[in-house]
Amino acid sequence: MCRLFAITSETPVSPILALGALDVMREGHDGSGVGLFLRDLGGPFDDMKDAPILSGIFTKDGIKRLDSYMMNLGFMTKYKISFKLPKTTPEGVPRRDVYLIRAYEYPEEWEGRSFEELGRELMSIRLQLREMGQAQQDMIVFSFWPDVIMVKEIGDPLTVGKYLNLDREDLTARVIMAQGRQNTNYAINLYACHPFFLQGLSTMTNGENTAFVPIKEFLMSRGFPGYMGFQSDSEVFTHILHYTLASLGFGIEAYKHIITPLQGADLEDHPNAPLLKQLKQSCRRMIIDGPNCVIGSLPDHSLFMVQDRKKLRPGVVGGRPGQYAFSSEICGLDAVIPDRDKRNDFQPMHLDTAIVGPDRQEIRICRQTDPLPRQH
Amino acid sequence: MPSNRPITPSTLSIKDLPWQIHWNKDKCTLCGSCTAVCPVNAIELGVFRKRTVETALGIEGSASSVFKVYHGIRQRTDAAYACVGCAMCTQVCPNDAIMPYRSDEAPKLPYHINQGGQPRRRGGRRNVPGGILDQIKFLRISMLTDPALDAGRHEFEVRTLLGRVLPPEESLKHFNENGWVPPVREIYPLIIGSMSFGALSPPMWEGLQMGVAYLNEELKMPVRMCTGEGGCPPRLLRSRFLQYVILQIASGYFGWDEIIHAIPEMKVDPCAIEIKYGQGAKPGDGGLLMWNKVNQLIAAIRGVPVGVSLPSPPTHQTQYSIEESVAKMIQSMSMAWGFRVPVYPKISATSTALAVLNNLTRNGFAAGLAIDGEDGGTGAAYDVSMNSMGHPIASNIRDCYLNLAALGKQNEIPLFAGGGAGKTGNLAANAAALIMLGASGVQIGKYIMQAAAGCLGSETDRCNICNVGLCPKGITSQDPRLYRRLNPEDVAQRVVDVYLSFDTELKKIIAPLGRSTSLPIGMSDALGINDFNAAERLKIQYVI
Ligand code: SF4
Ligand code: SF4
């Protein structure tokens, strides 16, 4: 089992805060790895919202190859965060040459391209780098997207955070997701570490996805290059979210109708029954069947949490206007937002999608039995 | 055998027969029940002569020979009357005095069941026991990280789809534009496969229908049954129960005159139309209802004269090219019901199944594909077709599924697997294995005859005389003296028993795999087998 923590805050906070929350929930993960996703960045990145940021881990040779590759494409470095690592690495954390967080300036000839076009290009560059890196074992690339930073490493979350000195002032964000891993894959591959990222969407999951293989086969046959990797059975939650929003054009309210469709009378009585029935049939291969709690971040800066149909995983949302947190356990929430009205804490059940929107004023509960918003 | 009689090449002794009748003189009361019940007249009243030597007790007097006559049961040895091992004689004997035993020697009978140049024909199944399905295990047991589910208490949705499912984007587009969306039925994944009215006796057919109706209406299990090629009784065509029925059309078109004429009077649409192009038991050969079974009722429903053999041609006579014919038939059948009823072909498993499938993927009206493996059963066929023709179902289904997955159409064209599920009684395990190999559902025939009506047949050539209308259980006979042995209500009850227990067993398989809300179609990571080559071929795990 893993532990999840996410926060959305009006004022930028340090990722170390989220790692602290994971540390409180230490009993639920084994310190075998940590993943961080930062969006709506503060500090120096606040002024460069449109600049794509590359996050990853590189060897010295990898950096050289990266530089020449990006230069060829016409990308110029705009800003970067340099990590000064202590001489000794903590136990269980591998020694790396470079942890990279680098904002780029788009090539000049890209000017005037639509956001969709840019999105496609950024993804294909990320996939290309990933492939190059896998061939020579010299680059690991997590994300390449405006206003998004990702950090992943093997080891205990808080130890890694301190080792990388993540409480530095120039690394803050208004939306942060963090996952502490319970290793189930033995050989730890950083590409199997949550959160997963695809074209501005990111999710992380607690639990096992028992329908992984048929879902993977379905996604792989969609002909979309971003549905790849599959190092972790949880990665498909990001892909399905992407498919729901990008290919089917729905909002987040429809996500649960894809992964955990209604059954029986609930479906028959739903105001959108004809649509949902058809959706359930055509998207049948994306139905998840595991015990899963999914937390995700959307491009509009909302955070959401959904549970599987059986609600077998813990998960709670709480906070106060201006700051809300999503946590596997209440103790994680208590550690970060102790002064909230706990009566308003909400634990999403099998029909709920809990959303905190970009205004961060309230927890919006979307029940699966509610009518779907009109599609545009 | 008297010494002065010639022995013909086909003169057999009891030892040469596959089944030998052991009869116990001490227990027999000569009631005649066994000889009366024997479907093939394999036994008859015998008069035996016996000599006893009696020695004198005293010094005087001499020993003498006494000849006595006694009566008993004699087994006949001509090929035409060879015992089929059905053991009905055992069942009716009040004193347990008689029982068939399998010969301990390779029987010589098979070399002689072609008198007059007529090769052996029979009903039943392939005479080859066992199969790969029983070797498949379910390995991916959910343990600590994803606790196994509770088969008894969690909510389960054990349902499958029959019909062409549009890809999500297209489906939405059609929805938003009010376009035509192909009909899709949500049904139970275990289907009673095509056994015709004619092949089956009236009480058997009625019993199955009643069981299916009860499962649907009282237990809310959407179980479906296919008619086979024999038409459908007129009252059923005009009743609400038609929605639980898949109507089959095959190359003989038997009964379709009646069906077409009933369309305007139908209260509900049938579940689906199955176009039979082939059958697992006798691939590439047409249906066969022998004259013995074509009585007045059957003749009326099929629209044929009484007492003639009804062989269907191996192919649909209307076809010029198969692609065209399949497309046209699917389309015209769809049109007959206003495009509200799914229409799909059924073929026998074959190494050319992929070609058929590729064709179907391009035909927007094709609602699925049913594939019947070599272990499928039949009411009548040539022995050689049954034993040696056809393709095993497991690899055929797997190939088709993986082919669909490569095309991205694995959710669009459901595959239904038949032939061999439950061959040795492990119905739920076999069906689950087929589903995880890629089948959307499983068709059964022989299993339901065995479990719901007590069919005696086996893969080691027991009984299997379904073709000649002498079924000792009244399952495949059209003779009222035989079929009155079967009570339709009892059959219906057994159908319900079978489905309820199957449902529990299926849940006992999928719950530990962590699955409950959707049928684990293609969940091949759960499967393993202890045969390396089979594992490679099926692309599942090899385990020892
Ligand atoms: S076993 Fe069947 S076929 Fe054989 S003698 Fe008995 S009743 Fe007749
Ligand atoms: S019992 Fe009837 S149905 Fe079963 S094999 Fe014998 S003849 Fe066929």
_So in the stretch B:172-192, with the set limited to residues that are at pLDDT below 95 and facing chain A (nearest Cβ under 7 Å), which one is nearest to B:Tyr244 (Cα to Cα)?_
B:Val181
*Out of (1) touching a residue at least 24 places away in the same chain (Cβ under 8 Å); (2) surrounded by 10 or more Cβ atoms within 10 Å (Cβ to Cβ); (3) over 37 Å from the mean Cα position of the chain (by Cα), what's the single condition that is false for B:Val47?*
(2)
_Scan of the stretch A:319-376 for residues that are part of a loop (DSSP other than H, G, I, E, B), basic (Lys, Arg) and in contact with a strand residue (DSSP E or B) (Cβ under 9 Å, 6 or more places away or on another chain), ordered by number_ = A:Arg340, A:Arg360
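Quick one: how many residues across the stretch B:473-482 are within 10 Å of ligand 2 (Cβ to nearest atom) and of a type outside the set (Lys, Arg)?
Going through the stretch B:473-482 one residue at a time, the tally reaches 5.
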*Residue within the stretch B:227-250 that is acidic (Asp, Glu), within 16 Å of B:Met333 (Cα to Cα) and crowded, with 18+ Cβ neighbours inside 10 Å present*: yes
_Show the residue pairs meeting these rules: Cβ distance below 7 Å; 6+ apart or different chains; first residue within the stretch B:72-87 and charged (D, E, K, R); second residue part of a loop (DSSP other than H, G, I, E, B) and within 6 Å of ligand 1 (Cβ to nearest atom)._
B:Arg76/B:Ala42
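Here is a yes/no grid of residues against (1) within 16 Å of ligand 1 (Cβ to nearest atom); (2) outside the structural domain of B:Asn114 (by TED's automatic domain parsing); (3) not in a loop (DSSP other than H, G, I, E, B):
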site	(1), (2), (3)
B:Pro9	no, yes, no
B:Gln20	yes, no, yes
B:Thr29	no, no, no
B:Thr35	yes, no, yes
B:Pro39	yes, no, no
B:Gly46	yes, no, yes
B:Lys50	no, no, yes
B:Ile59	no, no, no
B:Ser62	no, no, no
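Results for (1) open to solvent by less than 30 Å² (accessible area, probe 1.4 Å); (2) more than 11 Å from chain A (Cβ to nearest Cβ), shown as yes or no for each residue.
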position	(1), (2)
B:Asn127	no, yes
B:Leu133	yes, yes
B:Arg140	no, no
B:Met143	no, no
B:Leu149	yes, no
B:Leu161	yes, no
*What tally of residues in the stretch B:442-472 results from selecting those that are within 7 Å of ligand 2 (Cβ to nearest atom) and without any contact (Cβ under 8 Å) to a residue 24 or more places away in the chain?*
1
*Considering the stretch B:438-447 alone, what residues qualify as being away from chain A (no Cβ under 14 Å) and either within 14 Å of ligand 1 (Cβ to nearest atom) or farther than 14 Å from B:Gly124 by Cβ (or both)?*
B:Val442, B:Gln443, B:Ile444
*Quick check, is B:Arg122 within 16 Å of ligand 2 (Cβ to nearest atom), of a type in the set (Lys, Arg) and outside any strand (DSSP E or B)?*
no
*What tally of residues in the stretch B:472-488 results from selecting those that are within 16 Å of ligand 1 (Cβ to nearest atom) and assigned to a helix (DSSP H, G or I)?*
2
*In the stretch A:246-262, what residues are out of contact with any Lys or Arg (no Cβ under 8 Å at 6 or more places or on another chain), at the interface with chain B (Cβ under 10 Å from one of its Cβ atoms) and in a loop (DSSP other than H, G, I, E, B)?*
A:Leu248, A:Gly249, A:Phe250
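Does B:Arg537 satisfy the condition of being part of a helix (DSSP H, G or I), in contact with a Ser or Thr (Cβ under 6 Å, 6 or more places away or on another chain), farther than 22 Å from B:Gly228 by Cα and not aliphatic (A, V, I, L, M)?
Yes, satisfied.
Restricting to the stretch B:422-434, name every residue that is of a type in the set (A, V, I, L, M) and open to solvent by 10 Å² or more (accessible area, probe 1.4 Å). If you could, list the steps in order and put the result at the bottom.
As a first pass, look at the stretch B:422-434 and keep what is of a type in the set (A, V, I, L, M): B:427-429, B:431-434.
The answer is B:Ala429, and nothing else.
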_Suppose we filter the stretch A:126-158 for residues that are small (Gly, Ala, Ser), over 14 Å from the mean Cα position of the chain (by Cα) and either open to solvent by 10 Å² or more (accessible area, probe 1.4 Å) or within 26 Å of A:Asp30 (Cα to Cα) (or both); how many remain?_
2
*Considering only the stretch A:215-227, how many residues are assigned to a loop (DSSP other than H, G, I, E, B), within 7 Å of chain B (Cβ to nearest Cβ) and open to solvent by less than 10 Å² (accessible area, probe 1.4 Å)?*
0
*Within the stretch B:454-466, can one find any residue that is closer than 30 Å to B:Tyr81 by Cβ and open to solvent by less than 10 Å² (accessible area, probe 1.4 Å)?*
yes
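The values are calculated or read from the model by the stated rules, or taken from the named source; none is laboratory data. In this text, all values refer to a predicted model and were calculated from it rather than measured experimentally. Counting neighbours? That spans all protein chains shown, and the Cβs are built from the backbone with ideal geometry, glycine included. Keep in mind that these areas ignore ligands, DNA and RNA; they rest on the heavy atoms of the full protein, side chains included. Shrake-Rupley method; radii C 1.70, N 1.55, O 1.52, S 1.80 Å.
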